[in-house]
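Please read the structure below before turning to the comments.
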Amino acid sequence: MIEVRDLVKRYGSHTVLDHLSFTVNDGQIYGFLGPNGAGKSTTMNILTGYIGMTEGSVTVSGHDLLEEPDAVRRCIGYLPEQPPLYTDMTPLEYLTFAAELKKIPRAERRGAVEEVMELTQLTSMKDRLIRNLSKGYRQRVGLAQAVLGFPEIIILDEPTVGLDPRQIIEIRSLIRSLAERHTVILSSHILSEVQEVCDHILILHHGRLVADGTPEELERSLRDNALELTLKTASENAVHGLLAGIEGISHTELFPSGDGFRAVVYADDGQDLRESVFRACAAADLPLLGMQFRTAGLEQVFLKLVNDEDLAPSGETAPPSSGPAGEEEAREPETASGTDTAADAPASPEEDGSADEAKEADGT
């Protein structure tokens with residue numbers, strides 16, 4: 001389990017995370033949603049010990065991140081948005097190297113590497129240079145690195161970015177299979193992906209948590225208590241007369257639909273009109289083919305929350321857009337343990353992850 005309490009991250013006068021608190025329970029897939037600059041990648045980098053926090057506390061499986069950073073790292077497998085790959089290695093060489101970094105006992109390394117290659121369907125590509133692999137297979141190599149050693153928690157930052165539809169389906173299926181043995185946290189800008197894959201969703205905005213719940217709970221949270229009815233009748237007047245006789249209806253909207261009408265019925269004071277509507281239709285011998293509450297889709301929930309200007313922290317300055325000062329703050333190296341050691345993922349000279357900090361600091 002992960003417990004985050006009052007997490008703050010600042011770059012100079014710019015606040016990326018503003019007293020963020022949430023809990024991640026075992027055995028579920030959690031999705032991080034939020035606009036660019038909301039703090040998703042920064043949160044993930046702090047959880048993995050890649051960068052340090054300004055204030056707050058993080059506990060992973062009972063280990064405090066500041067007091068036991070190495071124990072926390074052993075609990076987590078991390079796939080950054082840009083996988084930290086050495087492209088002049090083969091997948092077999094790279095994963096063997098990663099197993100050494102993760103201190104998997106020598107006698108167990110070969111079996112561990114073979115197991116994750118089979119899990120991520122890399123066995124047939126194990127002897128090819130990574131530079132010659134497609135983006136989809138490179139993503140699999142990065143994912144295999146994160147899963148290697150089978151840590152309790154797998155953190156994935158934009159795991160399907162840049163993949164084609166077939167590759168996306170394969171990676172989603174792999175993520176769902178990981179949840180059978182691990183707790184998974186992933187960030188994505190693809191709302192349909194989060195809705196399909198995740199059991200629980202956390203929405204960040206301006207570095208704060210603005211929504212926390214299952215996809216169904218978030219959709220119900222914006223329900224406007226309107227009923228959608230499907231009625232089989234050729235008479236529009238019959239529908240108007242029926243609905244006009246039901247107490248508690250404030251107003252209705254009527255639309256032709258097939259061999260009948262679709263009606264949207266709005267209730268006074270949050271009343272539940274389902275029983276009244278059903279009885280009225282039965283008494284009038286008017287076929288009622290369907291009745292359900294109208295709910296907001298995840299896209300509507302997301303847009304409602306992130307477009308609410310009242311959520312902006314008071315007095316917060318705009319993110320630094322460019323210039324030496326902003327770049328220097330964004331690139332300042334720091335870790336939870338105060339050393340220059342990165343997280344579990346082996347850093348590549350080409351993709352060392354420093355762009356993640358700059359991305360959040362620049363608000364891109």
* Structure fact -> Total charge of the residues flanking GLU55 in space, meaning their Cβ is under 9 Å from its Cβ, with Lys and Arg +1 and Asp and Glu -1, is +1
* Whole-Hz Karplus ³J(HN,Hα) for the stretch 69-79, in order, using 6.51 cos²θ - 1.76 cosθ + 1.60 and θ = phi - 60°, x for Gly and Pro? -> x, 5, 5, 5, 4, 5, 7, 10, x, 10, 10
* Structure fact -> Computed ³J(HN,Hα) along the stretch 85-100: with the Karplus parameters 6.51/-1.76/1.60, θ = phi - 60°, integer Hz and x for glycine or proline, the list is 9, 9, 6, 8, 9, 8, x, 5, 5, 5, 5, 5, 4, 4, 5, 5
* the stretch 1-75: Cα Rg divided by the 2.2 N^0.38 Å rule of thumb -> 1.06
* Could you tell me which of rounded, prolate or oblate describes the stretch 98-199, using a ≥ b ≥ c as the square roots of the eigenvalues of the alpha-carbon gyration tensor, with rounded for a/c under 1.5 and, failing that, prolate when a/b is larger than b/c and oblate otherwise? => oblate
* Asked: What do you get for Rg/Rh over the stretch 224-294 if you use C-alpha atoms and the Kirkwood form of Rh?
  -> 0.91
* Relative exposure of MET117, MET291, MET1, judged by other C-beta atoms within 10 Å (fewest first) -> MET1, MET291, MET117
* To do: For LEU133, enumerate residues with amide H under 5 Å from its amide H, sequence gap 5+ or separate chain, H modeled in the peptide plane.
  => none
* To do: Beyond 32 Å between alpha-carbons counts as too far, so tell me which of LYS40/LYS135; LYS9/LYS103; LYS135/LYS304 fall in that bin.
  => LYS135/LYS304
* Compute the signed sum of charges (Lys and Arg +1, Asp and Glu -1) over the other residues within less than 11 Å, Cβ to Cβ, of GLY162. => -1
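Only the coordinates and a few stated rules stand behind these numbers; no lab work does. Everything quoted here is computed from the prediction, not taken from an experiment. FYI the Cβ positions are ideal-geometry reconstructions off the backbone, even for glycines, and counts take in every protein chain you see.
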